[in-house]
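Here is the structure we will look at, set down as structure tokens.
Quick note: the coordinates plus some simple rules give every number you see, no bench work behind them. Computed from a predicted structure; not experimentally measured. When we count neighbours, we look across all protein chains shown, and the Cβ atoms used for this are built from the backbone with ideal geometry, even at glycine.
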Amino acid sequence: MGGADARGGHVVLDYIQYSPPVERDGDWMLQLLRDCVHRAGVREVHSHVEQFDGTESPPGFAAVVLIDESHVSAHCYSESGLLAIDIFTCGDSDPVALADDIHRGVAEAVPRIELAGRKVLDRF
């Protein structure tokens, strides 16, 4: 986080060319997010994933890990190859390090994926 007075940090990762590495990729993504949160030493409060089959919403998923003082989430539109990941932390947790760990996991599992955008924002 850049600003000396910032109490939180927010990193957003936007990907294109996403293709599911496994059949139920929402479950896979949720586990990846949870593993990265635990490695970062951040306390997980709750986690949930919804896999969308295209009947009511476009195919894809929404996965969220609520963490002490904020969240980590991923939203995917499978047919369009779009994946958005959002890391928001407050306090002493470093969202940049967490984003780097998540990016490594995604890039290893989906070799064709492209990071189309990455933004780091100070919050509060």
Query raised in the report: Which residue, Val11, Val72, Val22, tops the fluctuation ranking in a GNM of the chain built on C-alpha contacts under 10 Å?
Result: Val22
Report task. Could you work out which residue, out of His75, His103, His48, moves most in a Gaussian network model of the chain, that is, has the largest mean-square fluctuation with Cα springs under 10 Å? Result -> His48
Requested in this report: Tell me the GluC sites (Glu not before Pro) within region 1-108 that lie in a loop according to DSSP and have at most 14 other beta-carbon atoms within 10 Å.
Outcome: Glu23, Glu56
Report summary line: Per the Kirkwood formula over distinct C-alpha pairs, the hydrodynamic radius of region 58-119 in angstrom is 12.6
**Report entry** Relative contact order of region 8-123, pairs being alpha-carbon contacts under 8 Å that are 6 or more residues apart, as %
**Finding:** 41
Report task. Taking the Cβ of Pro20 as the centre, find all other residues whose Cβ is under 14 Å away and add up their charges (Lys, Arg: +1; Asp, Glu: -1). Result -> -3
Report summary line: Given Cβ charges of +1 for Lys and Arg and -1 for Asp and Glu, the option among Cys76, Ser57, Tyr15 whose Cα lies farthest towards the positive end of the dipole of the chain is Tyr15
**Report entry** Compactness of the chain - radius of gyration and Dmax, Cα, Å
**Finding:** 14.1, 47
Query - Theoretical FRET efficiency, 1/(1+(r/R0)^6), r = Cβ-Cβ of Asp35 and Thr55, R0 25 Å, to 0.05 - result: 0.25
Requested in this report: Specify the angular offset, from 0 to 90 degrees and rounded to the nearest 10, of the alpha carbon long axis of helix 95-109 from the longest principal axis of the alpha carbons in the chain.
Outcome: 20
